[in-house]
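Reading through the structure tokens given below for one structure.
The values are calculated or read from the model by the stated rules, or taken from the named source; none is laboratory data. Bear in mind the structure is a predicted one, so any value in this text is a computation, not a measurement. Heads up, the Cβs are rebuilt from the backbone with ideal geometry, glycines too, and the neighbour counts pull from every protein chain shown. Protein only, heavy atoms only, side chains kept; ligands, DNA and RNA dropped before computing areas. Shrake-Rupley method; radii C 1.70, N 1.55, O 1.52, S 1.80 Å.
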Amino acid sequence: MWDVQNIQIQRLNSALWNNTAVDVLRLDQLHPVVSGNKWFKLKYYLQDAIALQKNTIATFGGPHSNHIVATAFAGKEAGLHTVGIIRGEAPAIYSATLLDAAAYGMRLYFVSRESYRNKTNIMAQLNEPSWYWVNEGGAGKPGADGAMEILKNKDTGSYTHIACACGTGTTLAGLVQAADERQVCIGVSALKGFTELREQVMELVPVAHQDKRVEVMHDYHFGGYAKHPPELIHWMNELWRLEQLPTDIVYTSKLCFAVHDLLAKGYFEKGAKILIIHSGGLQGNRSLPEGTLEFL
Ligand SMILES: *Cc1c(COP(=O)(O)O)cnc(C)c1O
């Protein structure tokens, strides 16, 4: 059902890209629900948990979190129990994401938004020695090491630029490590005003790779994390109509818009060949009212 062999490179052909070669690495094709970068980011966390003889993976996320559902799935595949600490009170009706996570066997604990902020406190209170804790979003060094492998399944040496969406920047850190010296890695922040992003990425990049070329963009958040104004929805439907490219409301739609806008503004030199990393997340679109998107 899921296989890295499913991941294709799609050439974008419409007039949106200013006659520039733009391809998309479709990590969303890995699996219908557990798509994208989260699965890569979990790989070394799971290995570490098994090496330490833990029987349960525990982690944090919101009710539509791609990371929560990916952890539930990947944990099950690895033969580990999973626990999800979910932000906010237990809802009367579970989101599609939480239903999937529960179906993969994840035990869900709901904590108030206020308590959720203090993760150290939650971990201390639960204090289960057989549990292995994974950072929210799979952030951190093992996550970045896993993300390095995103570029390994395809021949990506001919691209001049590799662009990805950023939350914590862990995926970008992995891509920077995996890229070669001539390639420029571009991270498009999904958060508003996350000015420490570049620094956070560089902390995860080994010294030997720190002079690689990295650009971070802060102006494509469309109002903030998970904000999806009508112009973003319109853009997503247009991308679908012109390219048959499905994107998610939190990350990849904003990334594609950034590349489109930067091309229109002449940001890229002549001869640029751009690879957009489609990091998945389509399952999160199920939080939208039916009919909002022309695809799903
Ligand atoms: C989590 C996520 C990201 C951001 O990844 P980071 O490594 O935290 O920067 C990007 N795209 C999608 C679809 C995600 O789910």
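Assorted remarks:
- In this entry, segment 154-294 is assigned a mean projected area of 8.8 nm², taken as a quarter of its C-alpha convex hull surface.
- Whole-number accessible area per residue in Å² for segment 229-287, which is evaluated in the context of all protein chains at 1.4 Å: 37 Å²
- Relative packing of 69-77, 35-43, which averages over residues the other C-beta atoms within 10 Å, highest first: 35-43, 69-77
- Beyond 27 Å in Cα-Cα separation lie the following of the pairs 41/192; 76/212; 227/273; 54/152: 76/212; 227/273; 54/152.
- Carbon plus sulfur fraction of accessible area for segment 1-105, probe 1.4 Å, in percent: 49 percent
- Segment 116-196 - percent of accessible surface contributed by carbon and sulfur, probe 1.4 Å: 49 percent
- Were the residues from residue 154 through residue 125 laid out at 0.36 nm apart, the gain over their Cα-Cα distance would be 6.1 nm.
- Loop-located trypsin sites (Lys or Arg not before Pro) across segment 119-175 with a Cβ neighbour count of 12 or fewer within 10 Å are 152, with loop assigned by DSSP.
- Dividing the summed -39500 (n - 2.57) terms of all DSSP H runs of n ≥ 4 by the residue count of the chain sets its mean residue ellipticity at 222 nm at -10000 deg cm²/dmol.
- Using a probe of 1.4 Å, the accessible surface attributed to residue 113 totals some 150 Å² when neighbouring protein chains are kept in position.
- Report note on the peptides 250-256, 96-102, 222-228: ranked by the mean count of other C-beta atoms within 10 Å, highest first, their order is 250-256, 96-102, 222-228.
- Note on the chain: Cα-Cα pairs beyond 36 Å make up 13% of the total pair count.
- 1.4 Å probe accessible area per residue over segment 81-157, in Å²: 53 Å²
- Volume of the Cα convex hull of segment 95-224, divided per residue and given in Å³: 168 Å³
- With the charge dipole of the chain set up from +1 on Lys and Arg Cβ and -1 on Asp and Glu Cβ about the Cα centre, the Cα lying farthest toward the positive end among the listed residues 64, 74, 25 is that of 74.
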